[in-house]
Amino acid sequence: MPRPDFAQISSYEEFARYYWYRDELIKICKSLNINPSGTKIELMETIRLYYSGTMVKPQKKASSPKPTATNLTLQTSLIECGFTFGPRFRAFFAEITGKENFKFNVDMVATVKKVKADNDVSFTLGDLLDVYLGNKVYAQYDKSMLQWNRFVKDFCADPATAHFPDKIKTASILWAQVRNSTREKVYTTELLEEFGELIK
């Protein structure tokens with residue numbers, strides 16, 4: 001069944017059966033005058049609340065506090081030190097972990113975003129280190145956004161697709177059919193036969 005327009009959907013259960021890009025969710029929230037910010041999971045929850053009759057109004061952004069911590073320690077509040085993903089904090093974590101080429105992971109990025117949104121002054125650089133090490137969960141990256149990447153990777157790895165000259169274009173045609181349906185958002189070889197006319 002093709003995905004209907006949002007205006008034609010009467011329940012959250014029906015809405016959740018379809019795949020929606022984050023940009024689409026933002027537009028839907030803006031059109032409903034409800035909070036259009038957050039991760040894809042958070043936006044889906046906002047829309048779920050809308051269907052339940054709860055209005056989630058857009059929030060005014062709080063002014064950022066001025067950095068006060070100068071010497072960074074594991075006890076330093078992430079909010080109070082004005083944390084960014086810049087070289088100062090990369091160097092700090094490189095020294096703590098012993099990893100010269102330290103890289104922030106996606107769950108750290110999601111966590112920092114949530115800490116700042118919640119203005120959680122109790123959250124420390126040590127807590128963020130625990131997120132990096134997998135010892136703590138505060139917020140997680142919305143891995144559902146990786147479904148398209150996984151779809152393309154699996155499509156390209158399938159020997160049955162070797163003859164397609166423009167694999168990305170072909171994969172995107174199949175993805176559109178899967179994305180706009182209630183089926184699981186994964187690539188299978190059977191899609192080549194099912195939508196053979198579209199990808200000729």
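The values are calculated or read from the model by the stated rules, or taken from the named source; none is laboratory data. On a predicted model such as this, the values are computed, not experimentally measured, just so you know. Ideal geometry is used to build each Cβ from the backbone, glycine not excepted, and the neighbour counts take in all protein chains shown.
Summary table
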| item | result |
| --- | --- |
| Candidates ILE41, ILE79, ILE34, filtered to the one that is modelled with pLDDT of 90 or more and β-branched (Val, Ile, Thr) | ILE79 |
| Subset of the stretch 82-129 [touching a strand residue (DSSP E or B) at 6+ places or on another chain (Cβ under 8 Å) and more than 21 Å from TYR141 (Cβ to Cβ)] | VAL121, SER122 |
| Residue identified as within 26 Å of the chain's Cα centre (by Cα) and basic (Lys, Arg) among LYS169, LYS200 | LYS169 |
| Unique residue being closer than 30 Å to GLN177 by Cα, free of Cβ contacts under 8 Å to residues at least 12 places away in the same chain and not hydrophobic (A, V, I, L, M, F, W, C) when the list is LYS153, LYS99 | LYS153 |
| Leading residue by the ranking (surrounded by the fewest Cβ atoms within 10 Å (Cβ to Cβ)) among those in the stretch 156-166 that are without any contact (Cβ under 8 Å) to a residue 12 or more places away in the chain and assigned to a helix (DSSP H, G or I) | PRO159 |
| All positions within the stretch 167-191 that are surrounded by 14 or more Cβ atoms within 10 Å (Cβ to Cβ), assigned to a helix (DSSP H, G or I) and of a type outside the set (A, V, I, L, M) | LYS167, THR170, SER172, TRP175, GLN177, ARG179 |
| Tabulated pairs, the stretch 121-133, first of a type outside the set (Ser, Thr, Tyr), second in a strand (DSSP E or B), C-beta under 9 angstrom, 6+ apart or interchain | VAL121/SER77; PHE123/SER77; LEU125/SER77 |
